[in-house]
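The values are calculated or read from the model by the stated rules, or taken from the named source; none is laboratory data. As the structure is a prediction and not an experimental result, all values here were calculated from the model. Cβ atoms come from the backbone with ideal geometry, glycine included; neighbour counts cover every protein chain shown. Side chains are part of the model used for accessible areas, which takes the heavy atoms of the whole protein and leaves out ligands, DNA and RNA. Shrake-Rupley method; radii C 1.70, N 1.55, O 1.52, S 1.80 Å.
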Amino acid sequence: MLKTSLLGKDFTSEPSSLDDRSKSFSESRGSLASENVHPAEEASGLSIMQTLIHLLKCNIGTGLLGLPLAMKNAGLLVGPISLLAIGILTVHCMVILLNCAHHLSRRSQKTFVNYGEAMMYSLETCPNTWLRTHSVWGRYTVNFLLITTQLGFCSVYFMFVADNLQQMVEDAHMTSNNCQPRKILVLTPILDIRFYMLTILPFLVLLVFIQNLRMLSIFSTLANITTLGSMALIFEYIIQEIPDPSNLPLMASWKTFLLFFGTAIFTFEGVGTVLPLKNQMKHPQQFSFVLYLGMSLVIILYICLGTLGYMKFGSNTQASITLNLPNCWLYQSVKLMYSIGIFFTYALQFHVPAEIIIPFIISQGSESWTLFIDLSVRTALVCLTCVSAILIPRLDLVISFVGSVSSSALALIIPPLLELITFYVEDMSCVTIAKDIMISILGLLGCVFGTYQALYELIQPINHSIANSTGVYA
């Protein structure tokens, strides 16, 4: 069965020996790094519905559960408005990225280009001589940020699934059928969290061996169903008996707003998958419709969950909304369903760094070792995310730091700069130039504020009961 590359990578800008070996690898497997086959011409291209499913799952992750606390940090009025603004800016930057990639693919006579290649080809034609000479570093920089961001998300997913598994197992004897409001009680874990991480490690390794997006769409559909089920139960609880919100501040302190900004930027996780998904569609020209529809649904979900969750729990809002849910079997199922959804989303987020790293490593070896190297690298990358989760005690803050640096750059800083470099020689309007500069500055501020937030929290004494986003409560 023909396997399709998520990133459609090629090595045409590398030395000829690397280019020849990567092309030979592509021909032998018919799956990765093929620049001669347009996705729209492949019978196995993604349909509109499959693309929408992938897009939703790539943007609905663990950050969603922290949005009520983000609203608390911003205020009941400022929070939803700011989240809507950030969402609109993020989608606009996605559209900028798509337009630039399309323009650069036509200019360079390629069937399609990925994020890193778009940056490289854009720098190759910019007016500055130094940037043209070092254009390949544009691709290296974007690829490094993509790898860092996506593996960071994978590490968060590892911790989230393991932590929820620990709670479900160790709280089982205290779980009842009586769904009363939760009282906080710090519990002593029976088994170390690392045991649960090692338990799910082999299953995630097997999951990432699946390299075909059409096959992954089956698991992505299952993830969407479980996530939808858990979201339905969460909404079912938080809309009941909402207290009078008049006592909640409409605008919070500017210091806590910095925490909101970092969380909001982190929540929009799908910027790295926009070009790959478009490149894999049967009809790429229809991707704009999928993008606007999918991201509209995501933004509405974000605002509703964050606002209603904050109105429901007020000053008692925890780092993850699951901490505020009653400790009964019905709402324990929320953790189970959401964990299943995150488990399968791991494979989608893992695809991006894998398709950057693996073709390059395989091109350095013999064709007879292709399959062994492929599977070995995938296993090593999954183990790396597991080790990161084990070794870093405040994983949520470390990943928030990585996300603030990498995600802000990928989502808000680089796309406007890419548009400036790509279209500057084609008489851009002053309004467009000013708009791109302002968005990049805003992204830079978000990067700085998010980094400040993460570093400040990291140096604080560790409270093990709340160190992770789903700390052990009963």
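Please find, among Pro276, Pro249, the residue that is assigned to a loop (DSSP other than H, G, I, E, B) and either of a type in the set (S, T, N, Q) or touching a residue at least 40 places away in the same chain (Cβ under 8 Å) (or both).
Only one candidate passes the filter, namely Pro249.
Could you grab the pairs with beta carbons closer than 8 Å, sequence gap of 6+ or different chains, first residue in the stretch 418-442 and touching a residue at least 12 places away in the same chain (Cβ under 8 Å) and farther than 15 Å from Cys100 by Cα, second one assigned to a helix (DSSP H, G or I) and open to solvent by 40 Å² or more (accessible area, probe 1.4 Å)?
Going by the 8 Å Cβ cut-off, the qualifying pairs are Ile439/Leu89; Ile439/His92; Ser440/Leu417; Leu442/Leu89.
Here are the criteria: (1) open to solvent by less than 10 Å² (accessible area, probe 1.4 Å); (2) without any contact (Cβ under 8 Å) to a residue 60 or more places away in the chain. Tell me which single one Glu241 does not satisfy.
Of (1) open to solvent by less than 10 Å² (accessible area, probe 1.4 Å); (2) without any contact (Cβ under 8 Å) to a residue 60 or more places away in the chain, only one is false for Glu241: (1).
Quick check on this structure: which one of Leu56, Leu104 is open to solvent by less than 10 Å² (accessible area, probe 1.4 Å) and farther than 18 Å from Leu145 by Cβ?
Answer to the selection: Leu104.
Filter the stretch 322-340 down to residues that are among the aliphatic types (A, V, I, L, M) and assigned to a helix (DSSP H, G or I) and give me whichever is nearest to Leu76 (Cα to Cα).
Looking at the filtered set, the residue picked out is Leu323.
Would you mind telling me which numbered condition in (1) modelled with pLDDT under 80; (2) outside any loop (DSSP other than H, G, I, E, B); (3) closer than 30 Å to Glu457 by Cα; (4) open to solvent by 40 Å² or more (accessible area, probe 1.4 Å) Ala319 fails?
(2)
If I filter the stretch 193-202 for residues that are exposed (fewer than 14 other Cβ atoms within 10 Å of the Cβ), among the aliphatic types (A, V, I, L, M), more than 29 Å from Ser388 (Cα to Cα) and modelled with pLDDT of 80 or more, do I get at least one hit?
no
May I ask you to verify whether Tyr292 is open to solvent by 10 Å² or more (accessible area, probe 1.4 Å), part of a helix (DSSP H, G or I) and among the aromatic types (Phe, Trp, Tyr)?
When the stated conditions are applied, Tyr292 passes them.
Restricting attention to the stretch 212-225, which residues are of a type in the set (S, T, N, Q) and closer than 21 Å to Ser155 by Cβ?
Ser220
Please pick out the residue among Ile86, Ile96 that is touching a residue at least 24 places away in the same chain (Cβ under 8 Å) and either closer than 21 Å to Tyr424 by Cβ or in contact with a strand residue (DSSP E or B) (Cβ under 9 Å, 6 or more places away or on another chain) (or both).
Ile96
If you check Leu420 against the conditions, is it under 20 Å from Arg139 (Cβ atoms), of a type in the set (A, V, I, L, M, F, W, C), in a helix (DSSP H, G or I) and modelled with pLDDT of 90 or more?
yes
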